[in-house]
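Here the structure is laid out as structure tokens; the discussion comes afterwards.
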Amino acid sequence: MQFRPLKVLDAYAYTPRAFPDERGLFVAPFQEEAVLATAGHPMRVAQTNHSVSKRGTIRGVHFADTPPGQAKYVYCPAGSLLDVIVDLRTGSPTYGQWDSVLLDAKDFRAVYVAEGLGHAFVALEDNTVMAYLCSEPYNPSGERGISPLDPALDLPWPAGTTPIVSEKDRNAPTLAEAEAQGILPSYGDCTAYYEKLRAAHR
């Protein structure tokens, strides 16, 4: 499996090898060895999520209170989507920056999103499926979000498409508002948690 760091610290993209034949195709989008090589610790899988979206649907930008937060490993088994990772950790060298990766059912690229980072995506075609592994179960009281339409972030949503956004995501605070409200993760807290995970693996 090939992998590379993204512009946002502690986020990575992976490209697995696919094996097509006359029957169809086999691919392993998640491989623990690749996560170990990048994050420096294994990824605990506490929950798997699956969503199906219409073209133009935007989900996110979501994050969770950290620690423990919720790391995600995301891939697209059907359709195609533009995956976006935003650094929401106050004090981070890449705070407020984002990067994007095209995920589709052709190359089966995947992304790892560390605890404290914001995650969002837009479906590029109907019936796009997102599958993701989560390091912690869903915790409603610790679930947070910022607006995917925040003009200051200027996220790379496709032009010429009317975005389909949930009321909750549409009404979420901007990054500046979330920072003023004190709900964003701290880079120091996040990096201390990452080191705790790495230490437990040594």
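Residues with beta-carbon under 9 Å from that of LEU9, excluding LEU9: net charge, scoring Lys, Arg +1 and Asp, Glu -1?
0
For the chain, what is the calculated [θ] at 222 nm in deg cm²/dmol (nearest 500), taking -39500 (n - 2.57) for each run of four or more DSSP H residues and dividing by its residue count?
Using -39500 (n - 2.57) per qualifying helix, the result is -4500 deg cm²/dmol.
Roughly what would the spin-label model give for GLU167 and PHE26, points 7 Å off Cα along C-beta, in nm?
Each label point is offset 7 Å from its Cα along the Cβ direction, giving 4.8 nm.
Counting heavy atoms of the protein chains only and a 1.4 Å probe, report the per residue accessible area for the stretch 1-118 as a whole number of Å².
Heavy-atom SASA per residue in the stretch 1-118 reads 44 Å².
Report the charge-dipole magnitude of the chain in Debye, nearest 20, computed about the Cα centre from +1 at each Lys and Arg Cβ and -1 at each Asp and Glu Cβ.
Magnitude of the dipole: close to 300 debye.
Mind checking the per residue accessible area of the stretch 157-201 for me, 1.4 Å probe, whole number of Å²?
62
Quick one: pull the percent of accessible area on the chain belonging to carbon and sulfur, 1.4 Å probe, ligands and nucleic acids left out.
51
Within 14 Å, Cβ to Cβ, of GLN31, how many net charges do the neighbouring residues add up to if Lys/Arg are +1 and Asp/Glu are -1?
My count for the surroundings of GLN31 gives 0.
Under the √(5λ) rule applied to the eigenvalues of the Cα gyration tensor, what semi-axes describe the equivalent ellipsoid of the stretch 97-202? Give them in Å, descending.
For the stretch 97-202, the ellipsoid semi-axes come out as 26, 21, 13 Å.
With a sphere of radius 14 Å drawn around the Cβ of SER53, what net charge do the other residues whose Cβ falls strictly inside it have (Lys, Arg +1; Asp, Glu -1)?
My count for the surroundings of SER53 gives -2.
Could you tell me the accessible area of HIS119 in Å² (1.4 Å probe, neighbours in place), rounded to the nearest ten?
It works out to around 10 Å².
The values are calculated or read from the model by the stated rules, or taken from the named source; none is laboratory data. It should be emphasised that the depicted structure is a prediction, and the values quoted were computed from it without experimental measurement. Note: ideal-geometry Cβ built from the backbone for every residue, glycine included; neighbour counts use all protein chains shown. These accessible areas exclude ligands, DNA and RNA; they are computed on the full protein's heavy atoms, side chains included. Shrake-Rupley method; radii C 1.70, N 1.55, O 1.52, S 1.80 Å.
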